[in-house]
Amino acid sequence: MREYKLALKGKSYVVSIVSVSDDEVVAEVNGETHVVTIKAIKNVNGARSLLSLPESVLANGSPGGTPGLASAAGTGGKDGVIVSPIPGHILEVCVAEGDKVLAGQKLLVLEAMKLENAITCKIGGVVKKIMVSAGDAVTHGQKMIEIG
């Protein structure tokens, strides 16, 4: 996990990003855990940066969450393709092609910022194609698993 020492309007903050999913960020700000809902993500110059999020992300999150194994739903469109919500490394693929999966089931474990994230599916179906293996590095938005 990385620790950031930031200054905002003359006040110092120590911020650690615990986990990031497609719909929330869990961050520790000066030792207090905050869960922040993401309303939109924009690519700036082709790169996703947590520092480009509004100031309210660091100051107005709701309490909750604990460090450890986080759960993040893989971002998936109508086509059933699960893409990486964050850059990282695949530690484990928990399903095989042809497996039936349920919404919320763990598909793989992705390590990002020294935190293990259980990537789950949003929809049930059958695993059509697995595009990653344990040990692979993935980028934000990279296709990992197709479910039909």
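Remark on Ile145: its backbone amide H falls under 5 Å from those of Ile82, Met131, a criterion applied only to residues 5 or more positions apart or on other chains, H modelled at 1.01 Å from N. Ordering of 92-99, 120-127 by packing is 120-127, 92-99, highest average first (other Cβ atoms within 10 Å, averaged per residue). Taking amide H positions as modeled 1.01 Å from N, with prolines and chain starts lacking one, the residues under 5 Å from Glu24 and 5 or more places away or on another chain are Ile38. Near the amide H of Val95, within less than 5 Å, lie no amide hydrogens of residues on another chain or at least 5 residues away, with H placed in the peptide plane. Could you give each residue of the stretch 122-128 its phi-based ³J(HN,Hα) in whole Hz, using Karplus coefficients 6.51, -1.76, 1.60 with θ = phi - 60°, and x for Gly or Pro? Couplings: 8, 10, x, x, 10, 5, 7 Hz. Between Asp136 and Asn30, the modelled labels are 4.3 nm apart [label points 7 Å from Cα along Cα→Cβ].
Stretching the chain fully between Thr37 and His89 yields a gain of 16.3 nm (0.36 nm per residue, less the alpha carbon separation).
Taking packing as the residue-averaged number of other Cβ atoms within 10 angstrom, the listed peptides 130-142, 23-35 run from highest to lowest as 23-35, 130-142. Converting the Cα gyration tensor eigenvalues of the stretch 70-147 into ellipsoid dimensions via √(5λ) gives semi-axes, longest first, of 18, 12, 11 Å.
Each value in this text was obtained by applying a stated rule to the coordinates, not by laboratory testing. Computed from a predicted model, the values in this text were never measured in an experiment. Glycine gets a Cβ as well: all are built from the backbone with ideal geometry, and neighbour counts include every protein chain shown.
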